[in-house]
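One structure below.
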Amino acid sequence: LSAAFATLAATTVAASAITVGFSQIGSESGWRAAETTVTRQEAEKRGIDLKFADAQQKQENQIKAIRSFIAQGIDAILVAPVVATGWDAVLEEAKDADIPVILLDRTVDSDKSLYLTAVTSDLVHEGKVAGEWLAKDVGTNPCNVVELQGTTGSSPAIDRKKGFEEGIAGHDNIKITRSQTGDFTRTKGKEVMESFLRAEDGGKNICAVYAHNDDMAVGAIQAIKEAGLKPGTDIKVVSIDAVPDIFLAMEAGEANATVELTPNMAGPAFDALKAYLDSGTEPPKWIQTESKLYTQSDDPKAVYEAKKDLGY
Ligand code: AHR
């Protein structure tokens, strides 16, 4: 009897297992790598068959992957959209095929009826928290800020810029003097910071760097050190993501603040998807994840230890 029951249970699980396609942007940052790892883990926990497609930073690859998922007739699609525009046609194709699409970590400018839900942080708020931190830290001292933007046209680059500007609004002593994309990568973050340092009298005219992610901040820290200045002291460093490496930099006094972005977007996405597929429960159009500010006074070594094995 128990063998028969086991067989029946296994059949039930197999019958209810779903296949989900995941169009991931690529692997530009430590945060992105963690999101990929966590998405695989969350799928495995739930017995979901995850089909993974790495778009290598190209929207055209994401569109191809989504079309291929639709052709395979899979149950749902997760997409982390590299940029915010240009999704209408492919999202309509998924809708026509009755395949729910969930956006992960970035938003799009398409009509909300074209996707089931978006699991993201409040990207404007993240930038605002970073700006407010800096405004408080510098007080009334003059401060020229250089900004390393994320990928051009991506929702985090647009929103984190806007949020930071809101955060420093009304503090006329703080000015963004240079702003350029570093594409969310360490290498580009370092390169662009080097050019900012050259253009600003070796860094003497820079009071702070605001990076749209920690990886670019880590690259900038390297550039500042190579220019003979002390990151965290001569030039303050504030960024977003809270990846383990930024806590090592904080522990060394080389980074000042970061705003946490959880890499677990897939857990809430799969839960919403299950409720939708099981009982037709429509999730809210936005499932918001938390944003938390960390500074050097938050025991960076302990945070590093707690995070270092989480897939970053
Ligand atoms: O969309 C989230 C952003 O993308 C992360 O902050 C960044 O590290 C990543 O590449």
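Any residue in segment 79-107 that is closer than 13 Å to SER155 by Cα sitting within a Cβ distance under 6 Å of a residue that is away from the ligand (no atom under 11 Å from the Cβ) and among the aromatic types (Phe, Trp, Tyr)? List the pairs, counting only those 6 or more apart or interchain.
That search, which allows pairs on different chains as well, returns LEU103/TYR115.
Suppose we filter ALA255, ALA272, ALA266, ALA208 for residues that are crowded, with 17+ Cβ neighbours inside 10 Å, under 22 Å from GLY131 (Cα atoms) and out of contact with any Cys (no Cβ under 9 Å at 6 or more places or on another chain); which single one remains? Give the derivation first.
Values: ALA272 fails: under 22 Å from GLY131 (Cα atoms); ALA266 fails: under 22 Å from GLY131 (Cα atoms); ALA208 fails: out of contact with any Cys (no Cβ under 9 Å at 6 or more places or on another chain).
Being crowded, with 17+ Cβ neighbours inside 10 Å, under 22 Å from GLY131 (Cα atoms) and out of contact with any Cys (no Cβ under 9 Å at 6 or more places or on another chain) holds for just one of ALA255, ALA272, ALA266, ALA208, which is ALA255.
Return the only residue of ASP88, ASP75, ASP98 being farther than 22 Å from ASP271 by Cα and surrounded by fewer than 22 Cβ atoms within 10 Å (Cβ to Cβ).
Values: ASP75 fails: farther than 22 Å from ASP271 by Cα; ASP98 fails: farther than 22 Å from ASP271 by Cα.
Step by step, each of ASP88, ASP75, ASP98 is checked, and only ASP88 is farther than 22 Å from ASP271 by Cα and surrounded by fewer than 22 Cβ atoms within 10 Å (Cβ to Cβ).
Can you name every residue in segment 244-287 that is on the phi > 0 side of the Ramachandran plot and within 13 Å of the ligand (Cβ to nearest atom)? Please lay out each step first, then the result.
Our first condition is that a residue be on the phi > 0 side of the Ramachandran plot; within segment 244-287, this holds for 253, 280.
Of everything in segment 244-287, nothing turns out to be on the phi > 0 side of the Ramachandran plot and within 13 Å of the ligand (Cβ to nearest atom).
Output the number of residues of segment 68-119 satisfying the condition of being within 21 Å of TRP286 (Cβ to Cβ), part of a loop (DSSP other than H, G, I, E, B), of a type in the set (Val, Ile, Thr) and more than 16 Å from the ligand (Cβ to nearest atom). Before you say what the answer is, go through the steps one by one.
Of all residues in segment 68-119, those within 21 Å of TRP286 (Cβ to Cβ) come to 76-88, 90-92, 94-95, 99-119.
Still in the running and part of a loop (DSSP other than H, G, I, E, B): 80-87, 99-100, 105-111, 115-116.
Imposing the further condition that a residue be of a type in the set (Val, Ile, Thr) reduces the set to 82-83, 85, 99, 107-108.
Now drop any that are not more than 16 Å from the ligand (Cβ to nearest atom), which leaves 99.
Residues in segment 68-119 being within 21 Å of TRP286 (Cβ to Cβ), part of a loop (DSSP other than H, G, I, E, B), of a type in the set (Val, Ile, Thr) and more than 16 Å from the ligand (Cβ to nearest atom): 1 in total.
Go through (1) more than 16 Å from the ligand (Cβ to nearest atom); (2) assigned to a loop (DSSP other than H, G, I, E, B) one by one and return the number of the condition THR152 breaks.
(1)
Restricting segment 16-33 to residues that are small (Gly, Ala, Ser), within 16 Å of the ligand (Cβ to nearest atom) and farther than 15 Å from VAL119 by Cβ, which is surrounded by the fewest Cβ atoms within 10 Å (Cβ to Cβ)?
We begin by selecting, within segment 16-33, every residue small (Gly, Ala, Ser); these are 16-17, 21, 23, 26-27, 29-30, 33.
Okay, now just the ones that are also within 16 Å of the ligand (Cβ to nearest atom), so 23, 26-27, 29-30, 33.
When the remaining residues are screened for being farther than 15 Å from VAL119 by Cβ, the result is 26-27, 29-30, 33.
Values: GLY26: 20, SER27: 14, SER29: 24, GLY30: 21, ALA33: 17.
Looking at residues that are small (Gly, Ala, Ser), within 16 Å of the ligand (Cβ to nearest atom) and farther than 15 Å from VAL119 by Cβ, I get SER27.
Could you list, in sequence order, the residues of segment 162-218 that are more than 25 Å from LYS58 (Cβ to Cβ) and of a type in the set (S, T, N, Q)?
Across segment 162-218, the qualifying residues are ASN173, THR177, SER195, ASN205.
How many residues are of a type in the set (D, E, K, R) and either closer than 16 Å to VAL90 by Cβ or within 12 Å of the ligand (Cβ to nearest atom) (or both) if we restrict to segment 120-131?
First pass over segment 120-131, keeping only residues of a type in the set (D, E, K, R): 122, 126, 128.
Add one more test, that the residue is either closer than 16 Å to VAL90 by Cβ or within 12 Å of the ligand (Cβ to nearest atom) (or both), and what stays is 126.
The qualifying residues number 1.
If you take the residues in segment 120-137 that are among the β-branched types (Val, Ile, Thr) and part of a helix (DSSP H, G or I), which one is farthest from LEU78 (Cα to Cα)? Don't jump to the end; show me each part of the working.
Step one: list which residues in segment 120-137 are among the β-branched types (Val, Ile, Thr), which gives 120, 124, 129.
Filter again for part of a helix (DSSP H, G or I), leaving 124, 129.
Numbers: VAL124: 22, VAL129: 28 Å.
Selected residue: VAL129.
Which count do you get for residues in segment 273-312 that are out of contact with any Pro (no Cβ under 9 Å at 6 or more places or on another chain), touching a residue at least 12 places away in the same chain (Cβ under 8 Å) and part of a helix (DSSP H, G or I)?
Within segment 273-312, residues that are out of contact with any Pro (no Cβ under 9 Å at 6 or more places or on another chain), touching a residue at least 12 places away in the same chain (Cβ under 8 Å) and part of a helix (DSSP H, G or I) number 3.
Before we move on, is GLU290 modelled with pLDDT of 95 or more, within 16 Å of the ligand (Cβ to nearest atom) and loosely packed, with under 14 Cβ neighbours inside 10 Å?
Working: modelled with pLDDT of 95 or more: yes; within 16 Å of the ligand (Cβ to nearest atom): yes; loosely packed, with under 14 Cβ neighbours inside 10 Å: yes.
So GLU290 passes the test.
Please specify each residue of segment 183-215 satisfying the condition of being within 16 Å of the ligand (Cβ to nearest atom) and of a type in the set (Asp, Glu).
Quick first cut of segment 183-215, residues within 16 Å of the ligand (Cβ to nearest atom) only: 183-190, 192, 209-215.
Result: ASP183, ASP214, ASP215.
Name the residues in segment 211-252 that are acidic (Asp, Glu), more than 20 Å from LYS175 (Cα to Cα) and surrounded by fewer than 24 Cβ atoms within 10 Å (Cβ to Cβ), would you? I'd like the intermediate steps shown before the answer.
Taking segment 211-252 first, the residues acidic (Asp, Glu) are 214-215, 226, 234, 241, 245, 251.
Cutting the leftovers down to more than 20 Å from LYS175 (Cα to Cα) gives us 214-215, 226, 241, 245, 251.
Of everything in segment 211-252, those that are acidic (Asp, Glu), more than 20 Å from LYS175 (Cα to Cα) and surrounded by fewer than 24 Cβ atoms within 10 Å (Cβ to Cβ) turn out to be GLU226, ASP245, GLU251.
In segment 235-243, is there at least one residue being of a type outside the set (Phe, Trp, Tyr), away from the ligand (no atom under 16 Å from the Cβ) and either more than 28 Å from LYS58 (Cα to Cα) or under 26 Å from the mean Cα position of the chain (by Cα) (or both)?
So in segment 235-243, the residues of a type outside the set (Phe, Trp, Tyr) come out as 235-243.
Now restrict to residues that are away from the ligand (no atom under 16 Å from the Cβ): 235-236.
Add one more test, that the residue is either more than 28 Å from LYS58 (Cα to Cα) or under 26 Å from the mean Cα position of the chain (by Cα) (or both), and what stays is 235-236.
Looking for residues that are of a type outside the set (Phe, Trp, Tyr), away from the ligand (no atom under 16 Å from the Cβ) and either more than 28 Å from LYS58 (Cα to Cα) or under 26 Å from the mean Cα position of the chain (by Cα) (or both), one finds at least one in segment 235-243, hence yes.
Sort out which residues of segment 155-182 are outside any helix (DSSP H, G or I), within 16 Å of the ligand (Cβ to nearest atom) and either among the β-branched types (Val, Ile, Thr) or more than 18 Å from ALA217 (Cα to Cα) (or both), and write them in order of number.
Within segment 155-182, THR181 is the sole residue that qualifies.
The values are calculated or read from the model by the stated rules, or taken from the named source; none is laboratory data. In this text, all values refer to a predicted model and were calculated from it rather than measured experimentally. So basically every Cβ, Gly included, is an ideal-geometry build from the backbone, and we count neighbours across all protein chains shown.
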